[in-house]
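Values in this text are rule-based calculations from the coordinates and carry no lab data. Treat the numbers as computed from the prediction; the structure is a model and nothing was measured. Every residue, glycine as well, gets a Cβ built from its backbone with ideal geometry; the counts of neighbours run over all protein chains shown.
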Amino acid sequence: MPKGSLKLISARKEEIINACEKLYQTMSFKDITIKEIGNVTSFTRTSIYNYFQTKEEIFLALLKREYELWFTELIDIADHPNEKSREEFADKLAHSLEHREQLLKLLSMNHYDLESNVRPEHLIEFKIVYGKSMSAVMNCLTVYFEDMSITDRQNFLYAFFPFMFGIYPYTVVNEKQKAAMQEANVNYVFMTIYEITYNCIKRLLRD
């Protein structure tokens, strides 16, 4: 257990998570190390091990924070419905992810390996927040579609949440990837995060 007040411990964890987030903007997951993260914090690299034992724990903490931010938006969607239509719900849910590119980028990672290299207590903390986001989406469905059965709501969740893992690689592509698709004669329609999410939600609700 690291020494210091709870406020200091929380502040240092946030600094480590922020450092990881900054590096992830220009570096890949495999290239980021504890040493690299330590280089952009105000304390020594070895001090990081007082809070996180692996870089996977740091990335999971970053993902947890992203889910918490999304959760607050989901609460707002449920609290402020207008016409309660399929189009309105799809629009609001798609917009909630439109500016959560960091969340979607993290979701596109290999979560099986990521979660395998963290301590149980860190994984449990993450799963609690993840579960809250699923409950929040379920609550949105309850508010917008009062006649929707519990089974249909669950079916939506177990189709939409796996879909989220593929949003980033399908919508955020570089020029090299675009050129390769063109050279391969793949008739691919490039869509924005909002567009692909909106279309998916409407299709899921229609089905």
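Just grab the label-to-label distance for Ser42 and Tyr188, each label 7 Å out from Cα along the Cβ direction, in nm (one decimal).
4.3 nm
Given only helices, namely DSSP H runs of n ≥ 4 each adding -39500 (n - 2.57), what is the per-residue ellipticity at 222 nm of the chain, to the nearest 500 deg cm²/dmol?
Numbers: 12 runs with 148 residues, N = 207.
Helix-only estimate at 222 nm: -22500 deg cm²/dmol.
When only Cα pairs under 8 Å and 6 or more residues apart are kept, what is the percent relative contact order across the chain? Write out the running numbers ahead of the final one.
Details: 173 pairs, mean separation 47.5, N = 207.
With pairs under 8 Å counted, the relative contact order is 23 percent.
Students often get this wrong: which residues of region 45-66 have the backbone nitrogen under 16 Å from the point 7 angstrom along Cα-to-C-beta of Lys132?
61-66
Expressed as a fraction of 2.2 N^0.38 Å, the rule-of-thumb size for a compact globular protein of N residues, what is the C-alpha radius of gyration of region 89-207?
Numbers: Rg = 16.5 Å, N = 119, 2.2 N^0.38 = 13.5 Å.
It is 1.22.
Give or take rounding to whole Å, what are the principal axis extents of the alpha carbon atoms in region 141-207, in descending order?
Taking max minus min along each principal axis of the Cα atoms, region 141-207 gives 48, 18, 16 Å.
Would you mind ranking Glu83, Glu195 so that the residue whose beta carbon has the fewest other beta carbons within 10 Å leads the list? List each step's numbers first, then the result.
On the way: Glu83 9, Glu195 14.
Final ranking by Cβ density, sparse to dense: Glu83, Glu195.
Fewest to most neighbouring Cβ within 10 Å: what's the order for Ile196, Ile75, Ile201? Please list the in-between numbers first.
Numbers: Ile196 19, Ile75 14, Ile201 23.
In order of increasing Cβ crowding within 10 Å: Ile75, Ile196, Ile201.
Can you bin every Cα-Cα distance in region 1-52 into 5 Å intervals starting at zero and give me the percent of pairs per bin, rounded to whole numbers?
The calculated distribution, bin by bin, is 4, 21, 33, 21, 13, 5, 2.
In the chain, if every C-alpha pair distance is counted and binned at 10 Å from zero, what percent goes to each bin?
So the P(r) values, bin by bin, are 7, 30, 30, 22, 10, 1.
Please state the charge dipole magnitude for region 84-207, taken about the Cα centre, from unit charges on C-beta atoms (+1 on K and R, -1 on D and E), reported in debye and rounded to the nearest 20.
20 debye
I'd like to know which of Ala61, Leu97, Phe71 lies farthest towards the positive end of the charge dipole of the chain, counting +1 on Cβ of Lys and Arg and -1 on Cβ of Asp and Glu.
So the residue furthest toward the plus end is Ala61.
If you stretched the chain out fully between Ser149 and Glu101, how much longer would it get, using 0.36 nm times the residue separation minus the C-alpha to C-alpha distance?
Details: separation 48, 0.36 × 48 = 17.28 nm, distance 3.12 nm.
Extra length available between Ser149 and Glu101 comes to 14.2 nm.
Straight-line reach from Lys92: which lysines have Cα under 17 Å away, leaving out those fewer than 8 places along the same chain?
Within the straight-line limit of under 17 Å, Lys92 reaches these lysines: Lys84, Lys202.
Please identify the helices of the chain, taking whole runs of DSSP H, that span at least 24 Å along their own axis as judged from the Cα atoms and have a mean Kyte-Doolittle score of 0.0 or higher.
Values: long enough: 6-24 (27 Å, -0.07); 55-79 (37 Å, 0.08); 120-144 (36 Å, 0.47).
Helices meeting the span and hydropathy rule in the chain are 55-79, 120-144.
Using a cut-off of 26 Å between alpha-carbon atoms, which lysines can reach Lys35, once sequence neighbours fewer than 8 places away in the same chain are excluded?
By straight Cα distance, Lys35 reaches Lys3, Lys7, Lys13, Lys22, Lys55, Lys64, Lys105.
Under unit Cβ charges (Lys, Arg +1; Asp, Glu -1), what dipole magnitude, rounded to 20 debye, does region 1-150 have relative to its Cα centre? If you can, show how the numbers build up before the last one.
Working: 19 positive and 24 negative charges, 193 e Å.
The dipole of region 1-150 has a size of about 920 debye.
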